Structure formats: structure tokens, C-alpha cells
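The values are calculated or read from the model by the stated rules, or taken from the named source; none is laboratory data. In this text, all values refer to a predicted model and were calculated from it rather than measured experimentally. A quick note on method: Cβ atoms are made from the backbone with ideal geometry, for glycine too, and the neighbour counts reach across all protein chains shown. SASA here: full protein model, heavy atoms, side chains in, ligands and nucleic acids out. Shrake-Rupley method; radii C 1.70, N 1.55, O 1.52, S 1.80 Å.
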Amino acid sequence: MTFRTRLLAGFGVVVLVPLAVFGLGIRRAMSGRVAAEYEQRVAALAGVIRADVARQSDGIAARLAALKGALAADNHFRIATAQGGDRGYVLDYAGDAMRLAGLDYLQVLDDEGRVLSSGQFRNEYDRPAPMPPLSGPALVRGRTAEGPFLALVRADSLRLPGRRFVLVGGTRVDSLFLARLAPDPELAVSVVLPGDSVSVDSSGQVVAELPYVETAAAPAGQARLVVTQVHSLLAELRRNVNLWFAVAVLATALVALLVAGWLSTRFSRPVTQMEHRAALGDLARQVNHDIKNGLAPLRNVFRHFAQVAQGDPAKLPKVFAERQSTVESSLGYLETLAANYARLSPQANERPTDVNAVVREALRHATGADHAELRTELPDRLPLVRVDPLALRRVIENLLGNAVDSLGGKPGTVTIATEGTGNGSVRLSVSDTGHGMTKAEQERAFDDFYTTKPGGTGLGLSIVRRLILDSKGTLKVESEPGKGSRFIVELPAS
């Protein structure tokens, strides 16, 4: 070993060992003292959280009881559900009732647990829904057009003549909800759901557990409310100790760099790799630029609100009035971005439409069906339906394409049929002799991004469902593995 190598090795030992011993000693001495204070504060907060959750649960139950009484007295709803009358009234019922009751989540379910009316997402009609227990509060996974969310709910049931219904209502569990549970600024409350990869380490404590139901098919699990430290003395201490360790690592890196430089001068990576990373960075900055422009002012405003709320809460209304224009401007900017995407979807142009004429138009433009025998059953003198002809054609083309694809390139039959139902609507069906679907596949057939086709997007049937529900119609599927599928659309007559 040369003198230079011995000097570098000795330097590493002299610097790294004292730093490691010093950092570990400081951490050990302070952790015990801070941990005791932390335990006391968490114990006090746990009682507050449990009482607050119970109070909110009782409030939700009281509002559901009021809605239950109103629903029992609503003859319009009873007739619509019993005799297949005004479906639009049933679909809109939960949305109107949810807003009047001040809830964020409301569903009316039938006795099989399927959605009759959903306040937060009208397109959930006839889907199986999470069924929480009737005995107390629970957490469920709700859906909106923007995406899923978590809700604290209660459930109640009622029986109308010949039929049982379940009301499930609640409030959104988001960052604001969790912040209200933890008045201590140095402690935060989070939700750990069954199956989450996040584990509760020594810095967090479970203060409450609630039943959690994510889907209709999944069994109920237990969700945990966990308290963790945010800005604490222990966290600050650990950051400082980690800084000392970072210095030690840096010293080691410098020693390694000197040795590496002595042995070889080839440190740099190929230029092509660096250029590739630079290109990816430019792309990422381009994608994030517009969104950050809207979020940055909002972040600053809400930090200001938090400082005022902690230092001088009485000034909060005045500060809010001063900063309101900034919030509205940023929200307007983000809404404009969303509107630009929304313009990609054409507006509906509903008018009296001949279903058979649209079917024939779609068949004239059908492609890729050379191996399939296309049959039509289109009786004359069907009632006109009030629908956007372009939307109806998209529905037919999607269902026809799926039926042809289900044949798997083999000879088979695809049948498109229409008929009057006798109750003021027109039924359109597309059936095939393809491979069919299992019960599980039928349950998910209309979900966004769900597909069983290689290279499929999983959006075709989801778009079909949205277009039909927007036209106040219904859509269902009948299928059996190995025997084919039949998609049935019903549209109200004009």
C-alpha cells in the first residue's frame, strides 16, 4: 500500500467514525425525551378523533332518516320504480336529495345491492355498489366523473310496497376532513386502507378503526385512522442527524473519487444517454408547466391562510376577502385547461330520430366484418326516439365492432334487431355467436379501461354506457361463455 492510499484511508476513518458516534449519541439521548411527550399528545388527540367521528356519523344518520321519510312519502318515486315509469326522475333523485341534505355521497340501492340512483355519479345506474353495514359508520370508495374518492357513510333501509331499498349517504374524507380531526398543528391524521403497502411505523399510532368496503364483491375490511408527527422536535433532530451522516457520506464519496481519479480518467457517461435524459426533462417540464402555473398561487394563498389561522384567527375573513381574487383567478385558469379538453367531445344535438335509419347508416360504413354474417331485424313503423343521431351511431358502431371482434376471426353471425316495447320506448339489440363472457366479465364490461381484447383501450363500452345514460336510456348485457353475447339498449320514444 502506497503512502497516498494509507493517507486517504486514515482520513476516512478519522472523519467518519467520530461523526457516526456523535450522531447516534445525540439521537439516543433526545428520542426518549421527545417520545414521552408525543405519547401524551397522541392519547389526548385519539379521544377527540373518536368523538368527532361519532358526532359526524350521528349527523349523517339523522339526515338519512329525514331522507328516508321523504322517500317513503314520494309517490312519484314509488310508481317510477314499481312500474318502470319516469326513469329520469329516479336517476336524478339522489343528486337532488344529496344537495338538499348537504351530503357528498348518496346512493339509493335496490334489494340486490344495485344502484337505482347515485348523487355523486349519475352513470352508476344498475351497477353493484359497496354495501356498508347498517349498524354504524363505515368507509367506502365512491366514484365521480373526475375519479374515485373516500367517504364516511351510514346506511339505512326502508320498505315500500313489495320492495326493499337501502339508502347509503355520507361525507367526503379528504385532506380538509382529516385536518379538522387534528387541531394540533404538529400532528396529522391519515387513513390506512386494507391492502395498502404503507405500514404503520413507530412514528404513527392507530387511534380508530372503521369497516371499509371498496366494491360490492369484496369482503369488508378494517380501515385505520393513524396519527403521525408533522413538524416535531424528534423529526427536526433526525433531520440534523441525517445531515451529519450526509457529511460523512460526502467525505467517503470524495475519498472514492480521489482513488478513482488516480486509477482511471473515464468517469463520464456516454453523451447520448445524457442527451436522452435532457430530452425527457424538457418533455416533463412542458407537460407540467401549465398545471403548475395554476397550482402555485393556490399553494401560496392557503399557506397564508394557515399562518393567519394560527396567529390571528380573527383576521381570517379579511385576509380571505383580500386573496379571493387570486384563488378565483387560479381556479379559472385550471377550469379553462379542463374546458379545452372538454371541447374535444361534441355537444349533444337531440332530436326525433328513426333508429332503423341510423342502423342502416352504420351498417353501410361497417368494415372488418368479412368473416361475419350480418343479419338485421328492423320492423317498420317504430316510434321515433329523442336522441342525438351521431351519438346513437357511435353506440351502434361500438357494439357492432365488439360483436365482430368476439368472433375471433372465425365465421359467425351478428344480428342487429329493433322493436317497440309497448311502454313508450324502442329496444335495440346487438347479438353475436362469439366466445361470450363470464359473470365477472359482465360485471366489469362497462368500466373505464377494462378490456379483454389484446391491444384494446377498454373505453368502447364505457363510452356506449355514457351516451345511452345521457339520452335517458338503459343498457344491459346478456352473455354466456361459448354461446355469445347480447347487448340491449332501450331508448324512450320522442
Inset, instruction - Subtracting the Cα-Cα distance from 0.36 nm times the residue separation, let me have the gained length for LYS476 to ASP126 in nm, one decimal. - result: 125.1 nm
Legend entry - Full-stretch length increase - ARG351, ARG141 - with 0.36 nm per residue and alpha-carbon distance subtracted: 71.9 nm
Inset, instruction - Calculate, for ALA366 and ARG172, the FRET efficiency according to 1/(1 + (r/R0)^6) with r their C-beta to C-beta distance and R0 60 Å; round to the nearest 0.05. - result: 0.85
Inset, instruction - Give the shape of region 39-168 as rounded, prolate or oblate, defined through the alpha-carbon gyration tensor: a ≥ b ≥ c are the square roots of its eigenvalues, a/c under 1.5 means rounded, and otherwise the shape is prolate if a/b is larger than b/c and oblate if not. - result: prolate
Inset, instruction - Return the whole-Å distance between the Cα centroid of region 391-440 and the Cα centroid of region 38-62. - result: 53
Inset, instruction - Pop a pseudo-label 7 angstrom from the Cα along the beta-carbon direction at both GLU441 and ALA65 and give the gap in nm to one decimal. - result: 4.9
Inset, instruction - Calculate what fraction, in whole %, of the accessible area of region 32-168 sits on carbon and sulfur atoms when a 1.4 Å probe is rolled over the protein chains. - result: 52
Legend entry - Distance between modelled label sites at LEU160 and LEU316, nm, 7 Å Cα→Cβ extension: 4.2
Legend entry - Extension reserve of the ALA493-ASP58 stretch, reckoned as 0.36 nm per residue once the Cα distance is removed: 152.2 nm
